[in-house]
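Reviewing the structure listed below.
Derivation of every value follows stated rules applied to the coordinates shown; laboratory data play no part. Remember, it's a predicted structure, so these values are computed and weren't measured experimentally. A quick note on method: Cβ atoms are made from the backbone with ideal geometry, for glycine too, and the neighbour counts reach across all protein chains shown.
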Amino acid sequence: MTHVAIITGGTRGIGAATSITLRDIGYNVVAVYKGDTERAEKFSSENNIQSMKWDVADFAACQEGVAKVEAENGPVSVLVNNAGITRDGTAHKMSEDNWQAVIDTNLGSCFNMCRAVIEGMRARKYGRIVNVGSINGQAGQYGQVNYAAAKSGIHGFTKALAQEGAASGITVNAIAPGYVDTDMVASVPDEILEKIIAKIPVGRLGQAEEIARAIKFLVVEDAGFITGSTLSINGGQHMY
């Protein structure tokens, strides 16, 4: 059986590493993206991975996108909800738009995408879902009330959906990465990044491939007894 896997935010950072990692074990991967079409097309061409563009914060777009994936590739058996954005700012200065954009993209997308695949998984009695949370959803972070709320919500969403899916052969787990060497972290000013790294016991940023390998561990068929779990991968920065 060839598994069809959708990776949201799948053409860059942790998502790109996950797309490549699952491709390498024979999965038929579709990398979903919203923004940079030129970059996504380059990623697809270089890695022989199909990419599709839609906004995962849009419920209808997710329904339509998943239907297209399944029409072209077959039933989706693996979903990795990785898409995320930041709109940082302290709560007393944060706009409603910046609050809502992060909640909709980071947390709302998990419901939108899971809702689009869950019925098929239940009917086939098999599915693997991994939601990418964050250390900042576990420990909080100054200036990120929106991001921390969304990522914390992912962890609760994961546990509840895991209970709903267990009897149907669907596992639902979360990954909580710490600070990983991606474009998002690269945008942090050097002096702040130095302070962050100084608080990581292993003394470095994580690599996207390290997160991808953990996701692979959770989505393979042999991982059927692991559900409702959150795997923290943060170099010892927050032992939760």
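Label-to-label distance for Thr37 and Gln207 is 3.4 nm, based on points extended 7 Å past Cα in the beta-carbon direction. Projecting the Cα atoms of Tyr142, Pro75, Ala16 onto the charge dipole of the range 4-227 (Cβ charges, centred on the Cα centre) puts Pro75 farthest toward the positive pole.
Note on the range 56-95 and the range 172-232: Cα centroid distance 19 Å, given to the nearest whole angstrom. Sorting Ser168, Ser134, Ser232, Ser19 by the number of Cβ atoms found within 10 Å of their own Cβ, with the fewest placed first, yields Ser168, Ser232, Ser134, Ser19.
With contacts taken as Cα pairs under 8 Å at a separation of at least 6 residues, the range 117-215 carries a relative contact order of 30 percent. Relative contact order of the range 30-186: 22 percent, from C-alpha pairs under 8 Å at least 6 residues apart in sequence.
Assuming charge only on the beta carbon of Lys and Arg (+1) and of Asp and Glu (-1), the dipole of the chain about its Cα centre is about 540 debye to the nearest 20.
Sorting 59-65, 224-230, 106-112, 184-190 by average packing, meaning the other beta carbons within 10 Å per residue, from highest down gives 106-112, 59-65, 224-230, 184-190. Backbone amide hydrogens, once placed in the peptide plane, bring Thr230 within less than 5 Å of Ala174, excluding anything fewer than 5 places away on its chain. Remark: Arg12, Arg128, Arg87, Arg39 ranked as Arg39, Arg87, Arg12, Arg128, counting other beta-carbon atoms within 10 Å and listing the fewest first. Within the chain, the selection of entire DSSP H helices by a Cα span of 24 Å or greater along the long axis and an average Kyte-Doolittle value of at least -0.5 returns 145-165. On the basis of the beta-carbon distance and an R0 of 25 Å, Ala166 and Glu119 show a calculated FRET efficiency of 0.95. Inter-part distance, the range 121-168 to the range 1-36, computed on C-alpha centroids, equals 19 Å.
From least to most packed, judged by other beta carbons within 10 angstrom and beginning with the fewest, Lys151, Lys53, Lys125, Lys42 follow the order Lys125, Lys42, Lys53, Lys151. Partners of Lys151 within straight-line reach, counting lysines whose Cα lies under 25 Å from its Cα and excluding those fewer than 8 residues away in the same chain: Lys34, Lys53, Lys93, Lys159, Lys195, Lys199, Lys216.
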